[in-house]
Structures are given as C-alpha cells and as structure tokens.
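Below is one structure, written out as structure tokens; the observations come after it.
The values are calculated or read from the model by the stated rules, or taken from the named source; none is laboratory data. As the structure is a prediction and not an experimental result, all values here were calculated from the model. Just so you know, the surface numbers come from the protein's heavy atoms only, side chains and all, with ligands and any DNA or RNA stripped out. Shrake-Rupley method; radii C 1.70, N 1.55, O 1.52, S 1.80 Å.
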Amino acid sequence: MVKNVRMRLLLVMQVLTEQTDEEHGLTMKEILDWVAEKGIAGERKSIYEDIHALQEFGLPIGYYTEDKTYRFQQ
C-alpha cells in the first residue's frame, strides 16, 4: 500500500460525500477498509485528522454516537 496523505484526504472526502447522508453513515472501520481497497495506507488516527481537516474546511460532516458513524450532512 502507498502512503499518500493528499490522496487519502481526498478519498475520505469522496467516500463521505458519495456514500453517506443524514440517514446512512459509515463507521471508522468501514472508512479505513474503503481507503485500503483503493491502495492507500491509513490508520485510525490519520483518518480522524482527515475528517477534522474536512470539517475545518467547511464540509458538514457529523459524528453520530448512536451508531458510531460519520455522515455527510447535506
């Protein structure tokens, strides 16, 4: 697997914007697995940092404690 921080950030953005909404979210494990399927290395901590960076950028990404998922809120 390749360690590519920029590509990982973009992949996290892609999976959250295309595969989640206010009703369906993804767990951290699902996000990690999806990024790994694309051939990019990532760890839990780095995905947390990517999500935080996307939130600071202005993307409405929320964490839902009920089912422990991340969701893109349109």
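For Thr69, the amide hydrogen comes within under 5 Å of the amide hydrogens of Tyr64, counting only partners 5 or more places away or on other chains and with H modelled in the peptide plane. With the convex hull of the Cα atoms taken as the outline of the chain, the averaged projected area works out to 4.4 nm². Normalising the average separation of contacting C-alpha pairs (under 8 angstrom, six or more residues apart) by the number of residues puts the relative contact order of the chain at 41 percent. Report summary: the helix-based calculation at 222 nm, which adds -39500 (n - 2.57) for every DSSP H run with n ≥ 4 and divides by the residues of the chain, gives -16500 deg cm²/dmol. Computed over protein heavy atoms with a 1.4 Å probe, the accessible surface of the chain works out to 66 Å² per residue. Listed by chain and number, the lysines whose alpha-carbon sits under 16 Å from that of Lys3, ignoring those within fewer than 8 places in the same chain, are Lys38, Lys45.
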